[in-house]
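First the structure, in the form of C-alpha cells, and then the observations on it.
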Amino acid sequence: MTQPIATAIAGSLPKPAWLAQPEKLWAPWQLSGETLAQAKVDAMRLAVDDQLRAGITVIGDGEQTRQHFVTTFIEHLDGVDFVNRKTVRIRDRYDAEVPMVVGPVSRKHSVFVEDARRLRLLTGGPIKFTLPGPMTMIDTLYDDHFKSREKLAWAFAEILNQEARELAEAGVDIVQFDEPAFNVFFDEVRDWGVKTLERAAEELPCKTAVHICYGYGIEANIKWKEGLGAEWRQYEQTFPLLAASRINQVSLECQNSRVPMELIGLLDGKEVMVGAIDVATNRIETPEEVAATLRRALQWVKPHRLIGCTNCGMVPLPRAVARGKLQALAAGAAIVRAELGWS
C-alpha cells in the first residue's frame, strides 16, 4: 500500500433488486441466460462506482456475479454434486443444505478471471479479489469421497492456487482468502489450516490476504456472538500462526465487537485490515466513529500497514445503508490521514 490508512470492503456488497432478492444470503437470481450475464456485469460496475464515489481506495467487485461467496466457486469444480444435497452444520452454528463431494475435485477452467479482467478495466487504482479459503470451503460441503477434512482442504488449496495465479495475471493487486472458519476450528487451524492457506497463496506475484470474521449480520451469527462472553479472544489463537505465515494482510473485526484491540499486536509485521464498519446493523456509523476505531488501531500498526475495512460482507444490508457505510469508512480514514499530516 502506498497510501496510509487505505480503505477497502471485506468482500460483498448488496445486489440490486433487479439482479437478486435484496437483503438475503443465497438469494436466487431474478434473471437468466444472457440477460443475467449482462446484469451481473452492470451490477459490478455499480458496485465499483459506489466505492469510487465514496472514496474507497482498494476496490473490489462486491461479489456481484456470485450467489454465495463459497458455493459459487465450488459449483464450477468437478467432483461436487449440487443436485443431491445433504444437511450439515455450518461452523457449528446453523444447518444448511449443501452440495456433496462425490469424487476427486478439480478445476477445468478459470472461474472468476473474466470478472477480474472487467474489474481491472473499471479503475486504475489497486483492486482486490476474494476467494473462499480451503477450510471454509470444506465446512460448506458434505464430503462423501475423501472422508477427511484435511485431505479435502489440501485438494482445494491446489485448486485455489491455480485460480489465484490467474487472477494475479489478470491484474489483481490483492487476492484475499475468506476464512471465517479460522475463528471456530482452532485445532485444525493449528495442525493444517494455516498450511493449506499458505499453499493456496503460494508464490503469487501479488499481495495475499486472509479475512477472518465473526460472520454476516444474520440471526445465527448474532446469537452465536451473544454467547462469546465479555471479550472475543478467538483471534488470540490464530494470529500468532498467521504472523509467522507468508500471508501479507490479515483482517479482524472491531466495530461494535468485543475484540480487544491489542490483539493487533500479535500481527507484528503484517498489514492489518481493521473492521471499522458493523455489518450487523442498519445504523450508519459517523466518520468520527470510524476515525476513533482507526486511531486506536494505530497504537499497534503503522499507518502504511493499516487498512480500514468492513467487519464482513454487506450483502444482507439495504443498498442505501451500504453506500452510507462506505462513505463513513472513507471519511473516517480521511480524518485520521489529515491528523497525521497526509491529505
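The values are calculated or read from the model by the stated rules, or taken from the named source; none is laboratory data. Everything quoted here is computed from the prediction, not taken from an experiment. Here Cβ is always computed from backbone atoms with ideal geometry, including for glycine, and neighbour counts include all displayed protein chains. Side chains included, ligands, DNA and RNA excluded: accessible areas come from the protein's heavy atoms. Shrake-Rupley method; radii C 1.70, N 1.55, O 1.52, S 1.80 Å.
All alpha carbon pair distances within the range 43-106 were sorted into 10 Å bins beginning at 0; the resulting P(r) in whole percents reads 19, 33, 24, 21, 3.
For the range 281-343, the average shadow cast by the Cα convex hull is 4.4 nm², which is a quarter of the hull's surface. Taking every pair of alpha-carbon atoms in the range 1-117, give the share separated by more than 21 Å as a whole percent. More than 21 Å apart: 50 percent of the Cα pairs in the range 1-117.
Could you order peptides 136-142, 108-114, 40-46 by the average number of other Cβ atoms within 10 Å of their residues, highest first? Don't jump to the answer; show the numbers that get you there.
On the way: 136-142: 24.3, 108-114: 15.3, 40-46: 17.6.
The densest-packed peptide leads the list: 136-142, 40-46, 108-114.
With Cα atoms as the point set, the radius of gyration and Dmax of the range 48-197 evaluate to 16.0, 48 Å.
The phi-based Karplus calculation (6.51 cos²θ - 1.76 cosθ + 1.60; θ = phi - 60°) puts the 3J(HN,Hα) values of the range 158-172 at 4, 5, 4, 5, 4, 5, 5, 4, 6, 5, 4, 5, 7, x, 6 Hz, whole numbers, x for Gly and Pro. The Kirkwood radius of the range 195-237, taken over pairs of alpha-carbon atoms, gives through the Stokes-Einstein law at 25 °C and 0.890 mPa s a diffusion coefficient of 187 µm² s⁻¹. For a 4.7 Å threshold on C-beta separation, the list of partnerless cysteines in the chain reads CYS206, CYS254, CYS309. Take the Cα coordinates of the range 234-281, assign each an equal point scatterer, and use the Debye formula without solvent to give log10 I(q)/I(0) at q = 0.27, 0.30, 0.32 Å⁻¹. Results for the range 234-281 at q = 0.27, 0.30, 0.32 Å⁻¹ read -1.02, -1.18, -1.28.
Sort largest first and round to whole Å: the equivalent ellipsoid semi-axes of the range 146-270, each the square root of five times a Cα gyration tensor eigenvalue.
Working: eigenvalues 130, 59, 40 Å².
After diagonalising the Cα gyration tensor, the semi-axes are 25, 17, 14 Å.
How do the peptides 334-343, 275-284 rank, highest first, by the average count of neighbouring beta carbon atoms within 10 Å per residue? Don't jump to the answer; show the numbers that get you there.
On the way: 334-343: 13.9, 275-284: 22.0.
Highest-to-lowest ranking by the protection proxy: 275-284, 334-343.
Annotation for the range 60-76 versus the range 10-42: alpha-carbon center distance of 10 Å. When a 1.4 Å probe is rolled over the protein heavy atoms, the share of accessible surface on the chain that falls to carbon and sulfur comes to 48 percent.
Our coupling estimate for the range 19-25, obtained by passing each phi through the Karplus curve with A = 6.51, B = -1.76, C = 1.60 and θ = phi - 60°, is 9, 7, 4, x, 6, 9, 6 Hz, Gly and Pro reported as x. With one equal scatterer per alpha carbon and no solvent term, the Debye-computed log10 I(q)/I(0) for the range 250-325 at 0.21, 0.25, 0.26 1/Å reads -0.87, -1.14, -1.21.
Over the range 194-343, the Kirkwood radius and the radius of gyration, each from Cα atoms, give a ratio Rg/Rh of 0.96.
Let me know the volume per residue of the alpha-carbon convex hull for the chain, in Å³.
Numbers: hull volume 41.4 nm³, N = 343.
It comes to 121 Å³ per residue, whole-number rounded.
Over the range 28-151, accessible surface divided per residue gives 44 Å², non-protein components excluded, 1.4 Å probe. Taking the Cα centre of the chain as reference, the dipole from Cβ charges on Lys and Arg (+1) and Asp and Glu (-1) amounts to some 480 debye. Which percent of the Cα-Cα distances in the range 109-166 go past 13 Å? Summing the P(r) tail past 13 Å for the range 109-166 gives 65 percent. DSSP bridge analysis restricted to the chain gives an antiparallel fraction near 25%, rounded to the nearest 5.
Considering only alpha-carbon pairs that sit under 8 angstrom and 6 or more positions apart, the relative contact order computed for the chain is 21 percent.
Given the pairs LYS15/LYS151; LYS151/LYS270; LYS128/LYS195; LYS108/LYS207, which are separated by over 32 angstrom at their Cα positions? Could the numbers behind the result be given before it?
Values: LYS15/LYS151 35 Å; LYS151/LYS270 29 Å; LYS128/LYS195 22 Å; LYS108/LYS207 25 Å.
LYS15/LYS151, as the Cα separations exceed 32 Å there.
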